[in-house]
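Encoded as structure tokens, the structure appears first; notes follow it.
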Amino acid sequence: MKTIRALREKKGLSAKKLADLMEVTPQAVGKWERGEANPSAMQLPVLADLLGCTIDALFGRDGQDSA
């Protein structure tokens, strides 16, 4: 989920601000951005809404069918 950082920066959010909005620690956001941990399934829709993207985009998927 290293794209989280790019999406966060595109929205003009600091890691601290995103952490506050997500009600997690800045360290958790840092781990998400470095790929050391992932947001929970319950957090994914909230994170996608805050970053203005789809859940697929959080995983680096563009939504195109790969078949």
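A few comments on the model shown:
- For the chain, a simple Cβ point-charge model (Lys and Arg +1, Asp and Glu -1, everything else neutral) yields a dipole of about 300 debye relative to the Cα centre.
- Remark: the chain carries 67 Å² of accessible area per residue (probe radius 1.4 Å; ligands, DNA and RNA excluded).
- Relative contact order of the chain, defined on C-alpha pairs under 8 angstrom at six or more residues apart (%): 36
The values are calculated or read from the model by the stated rules, or taken from the named source; none is laboratory data. Please read these numbers as outputs of a predicted model, since none were measured by experiment. Neighbour counts run over all protein chains shown; Cβ positions are idealised from the backbone, glycine included. Heavy atoms of the whole protein, side chains included, go into the accessibility calculation; ligands, DNA and RNA do not. Shrake-Rupley method; radii C 1.70, N 1.55, O 1.52, S 1.80 Å.
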